[in-house]
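Read-outs throughout are calculated quantities, based only on the coordinates presented, and are distinct from any laboratory measurement. Please read these numbers as outputs of a predicted model, since none were measured by experiment. Ideal geometry is used to build each Cβ from the backbone, glycine not excepted, and the neighbour counts take in all protein chains shown.
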Amino acid sequence: MQNSLSSDFISEIVRKHNNDPQQLTAILHDVQEASGQNYVAKEWAGQIAGLLKLPIAHVYEVLTFYSMFSTVPQGRVLIEICNSASCRFNRSQELLGWCREELGIGVGEITPDGEFGIVYTSCVGACDVSPALKIGDDVYGNLDRSKFTQLIASFRENRPELREPLICQS
Ligand code: FES
């Protein structure tokens, strides 16, 4: 399931950011997005370090410091479930149960086909519609069981029109 990015493709991303070491976070973000599995493999980080003429240790430090980055595959569609107070008080455990029923996985796991992964995140600023979850740049709240099923189906079937009405914030 591990995806691979060619060294040419990584060089192209770095070039897009003018080979600028100040752009390291943005470069890692773009590489993670391009991976198709929401991660930056350690060997890619090594290549980025070489291209930016930065110590590898520094690139690893940035990669492991920010929770938005992962060095292991997290699934093509990463479901980030808010684990902060409002959501916890407001049925976020139910969301986890629905994930288990729909996808057969829990937090920190990915489906065998690599399509979906689940992680916890902290408050995504949608407490008024909690429990909330985030997928990509979009936040979903006020979910009930059937809306959740619709949301998952929209990604499974690659039908964005099904999820657009469910988005609370972009
Ligand atoms: S506590 Fe979950 S969105 Fe704020």
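Kirkwood-type hydrodynamic radius, the chain: 17.0 Å, calculated from all non-identical alpha-carbon pairs.
Remark on the chain: Cys99, Cys123, Cys127, Cys168 stand apart, with no other cysteine beta carbon under 4.7 Å. Working from label points 7 Å from Cα in the Cα-to-Cβ sense, the Ser86 to Asn158 distance is 3.5 nm. Quick check on the stretch 13-135: of the DSSP beta bridges with both residues there, what percent are antiparallel, nearest 5%? Here the share of antiparallel DSSP bridges comes out near 40 percent.
Derived scalar couplings between HN and Hα for the stretch 153-165 equal 4, 4, 7, 4, 9, 6, 10, x, 5, 6, 9, 3, x Hz in order, rounded to whole Hz, by the Karplus curve 6.51 cos²θ - 1.76 cosθ + 1.60 (θ = phi - 60°), x for Gly and Pro. Here's how it looks for Thr121: its modeled amide H is under 5 Å from those of Ile81, Cys82, Asn83, which are all 5 or more places away or on a different chain. A simple packing score, the average count of other Cβ atoms within 10 Å per residue, orders the peptides 139-147, 113-121 as 113-121, 139-147, with the highest score first.
For the stretch 77-169, taking Cα atoms only, Rg and Dmax work out to 11.9, 34 Å respectively. Taking amide H atoms as placed 1.01 Å from N in the peptide plane, the amide H of Phe116 lies under 5 Å from those of Arg76, Val77, Thr111, each 5 or more residues away in sequence or on another chain. Sequence-ordered 3J(HN,Hα) estimates for the stretch 62-67 from the Karplus curve with 6.51, -1.76 and 1.60 and θ = phi - 60° stand at 5, 4, 9, 6, 8, 5 Hz, glycine and proline given as x. On the principal axes of its alpha-carbon atoms, the stretch 7-65 has extents of 26, 23, 17 Å, going from largest to smallest. Listed values for the stretch 134-145 are Karplus-derived 3J(HN,Hα) couplings in whole Hz (6.51 cos²θ - 1.76 cosθ + 1.60, θ = phi - 60°), namely 10, 10, x, 8, 10, 10, 10, x, 6, 7, 10, 4, and x replaces Gly and Pro. Across the chain, C-alpha contacts under 8 Å between residues 6 or more apart give a mean separation that, scaled by the residue count, equals a relative contact order of 17 percent.
About its Cα centre, the dipole of the stretch 1-94 is roughly 140 debye, where the only charges are +1 on Lys and Arg Cβ and -1 on Asp and Glu Cβ.
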